[in-house]
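I have placed the structure first, in the form of structure tokens, so that the comments after it can refer back to it.
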Amino acid sequence: MGSPGEDDVVLVQKGKKQGEPHVITVNCTDKTGLGCDICRIILEFGLYITKADVCTDGIWCYIVLWVVPHYGTLIVRWSNLKNRLLSVCPSSSVSFYLNQPAPRPTSSPVYLLTFYRLDRIGLLHDVTQVLCELELTIQRVKVTTTPDDRVLDLFFVTDNLELLHTKKRQDETCEQLHSVLGESCISCELQLAGPQYDSHQGASSLPPVVAEELFRCELSDKETCSQALSPDLVKLKAASVTPDNKLSPALTLLQIQCVDHKGLLYDIMRTLKDYNLQIAYGRFTPITKGHRELDLFIRQKDGKKIVDLEKQSALCSRLKVEMLHPLRVVIVNRGPDTELLVSNPVELSGKGRPRVFFDVTLALKTLGICIFSAEIGRHSTSDREWEVYRFLLDEKCKFQLSDVAVRNQIADRVRRALMGW
């Protein structure tokens with residue numbers, strides 16, 4: 001593979017007809033985890049990968065993705081998407097060829113967006129949608145409703161455009177929020193986050209039974225099907241991961257089949273990235289009868305195939321769990337209140353899953369359920385870190401939240417929104 005010009009590193013070819021997939025091509029120097037980084041950005045922009053091809057000779061990689069918008073009203077800023085993809089592509093610098101570590105990227109400053117508003121159903125999702133459209137990444141949230149039905153929102157955000165330090169960008173953010181909130185907005189402020197950000201880093205303590213449900217990393221086949229899949233999908237074959245070392249002298253083939261969901265390729269890629277595995281060739285086929293098939297030729301960072309049977313088994317088990325159960329959804333009692341909890345694993349790089357808060361608030365808005373309070377935190381277990389979303393649901397809705405069947409219905413609707421079903 002040859003070195004492309006800068007303009008050819010990322011190409012976006014938009015579909016000619018309505019409903020036709022857009023084609024994204026990435027041609028750049030390779031690095032472990034590049035596929036994960038690209039898939040996370042695709043997911044963050046609200047796009048769904050219908051098909052993919054990946055190949056690399058160990059130095060250069062070539063990735064082709066066919067994508068469509070997942071949300072019907074989604075506005076995609078294609079030039080911004082291209083710039084974001086360019087930002088994760090390694091440069092063809094001398095340091096790469098000398099196998100020297102690339103400079104560590106500086107972390108984006110965290111800003112605190114504070115606004116005081118009147119409450120109504122779906123307003124929290126409307127705010128979240130504005131932040132997503134502005135390409136502001138939500139790092140932490142604290143939402144509290146006062147007895148007089150007024151709401152204090154604390155959003156800790158980073159700016160993917162790295163412009164939030166400018167007055168123009170700050171004014172644009174506040175103006176967009178005012179236009180959505182209308183007369184509901186009492187005040188809106190934006191400033192650099194101080195020590196209050198650190199105080200919101202951790203998640204509130206969880207009962208042991210709830211923690212076990214949210215953070216377990218190994219599930220039996222029965223538990224996986226009942227918890228990860230909706231009733232109409234349980235009949236589909238759950239997941240299979242078959243390793244093969246006979247087909248290639250230097251690479252391990254993983255043959256994967258599983259139920260399709262939004263972000264499936266991201267879940268597979270982030271697992272391989274966390275295991276420090278490189279993809280030499282991969283093909284992500286279009287969906288067939290609710291299933292996806294994926295063939296991946298992979299190698300360890302030392303360039304060798306995976307021959308250790310324990311390593312093979314551990315990788316296959318983790319892939320099954322991450323494909324079937326990438327997000328955990330439970331509804332529990334929190335004193336006299338009803339609490340919805342959602343958790344997802346955090347990449348070893350520290351990055352969480354995109355659009356979780358967006359999808360949960362959209363599902364609750366669709367159901368007509370008000371959110372009394374909400375927060376996002378992190379929780380560490382013995383082997384990994386998790387992102388935890390907690391929502392206290394307002395009892396003043398059309399549902400009897402104490403009813404177990406109703407709770408299961410709500411949890412299933414939220415799970416469907418998260419998985420794209």
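Tell me which aspartates and glutamates have Cα within less than 16 Å of K246's Cα, excluding those fewer than 8 residues away on the same chain? Excluding near neighbours in sequence, the set is D295, D308.
Which entries of K289/K311; K31/K351; K273/K301 have Cα-Cα distances beyond 20 Å here?
Numbers: K289/K311 31 Å; K31/K351 17 Å; K273/K301 11 Å.
Table pairs above 20 Å Cα-Cα are K289/K311.
Under the simplified labelling scheme, the T32-T114 pair shows an inter-label distance of 4.3 nm, with each label point 7 Å from Cα along Cα→Cβ. Considering only L154, L163, L134, the mean-square fluctuation computed in a Gaussian network model of the chain, springs between alpha carbons under 10 angstrom, is largest for L163.
For the residue pairs K167/K396; K142/K365; K17/K365, the alpha carbons lie more than 28 Å apart in K167/K396; K17/K365. In order along the range 35-42, phi translates into HN-Hα couplings of x, 5, 4, 5, 5, 5, 5, 4 Hz, rounded to whole numbers, per the Karplus curve 6.51 cos²θ - 1.76 cosθ + 1.60 with θ = phi - 60° and x for Gly and Pro. Compared with the dominant principal axis of the Cα atoms in the chain, helix 167-181 is inclined by about 60°. For the chain, the mean residue ellipticity at 222 nm estimated from helices alone is -9000 deg cm²/dmol, where every DSSP H run of n ≥ 4 contributes -39500 (n - 2.57) and the total is divided by all residues, rounded to the nearest 500. Comparing mean-square fluctuations of G33, G303, G19 from a GNM of the chain with C-alpha springs under 10 Å, the top value falls on G19. Just for the chain, what percent of DSSP beta bridges are antiparallel, to the closest 5? Once the DSSP bridges in the chain are tallied, antiparallel ones form about 100 percent. Between V68, V406, V342, the Gaussian network model of the chain with springs among Cα atoms under 10 angstrom shows the greatest mean-square fluctuation at V406.
Averaging Cα coordinates gives a centre for the range 123-201 and one for the range 304-380; these two points are 23 Å apart.
Against the chain, whose longest principal axis is taken from its Cα atoms, helix 264-274 shows a tilt of about 70°. Whole-Hz Karplus values for the range 388-405 come out as 10, 10, 10, 10, 8, 8, 6, 5, 7, 8, 6, 9, 8, 5, 7, 7, 4, 4 Hz, taken residue by residue from phi with 6.51 cos²θ - 1.76 cosθ + 1.60 and θ = phi - 60°; glycine and proline positions read x.
The C-alpha atoms of the chain define a longest principal axis, and helix 309-324 lies at about 40 degrees to it.
All of the numbers you see were taken from the coordinates with simple rules; none came from a lab. Note that the structure is predicted; figures quoted are calculated from it, not measured. Positions of Cβ are backbone-derived with ideal geometry, glycine not excepted, and every protein chain shown enters the neighbour counts.
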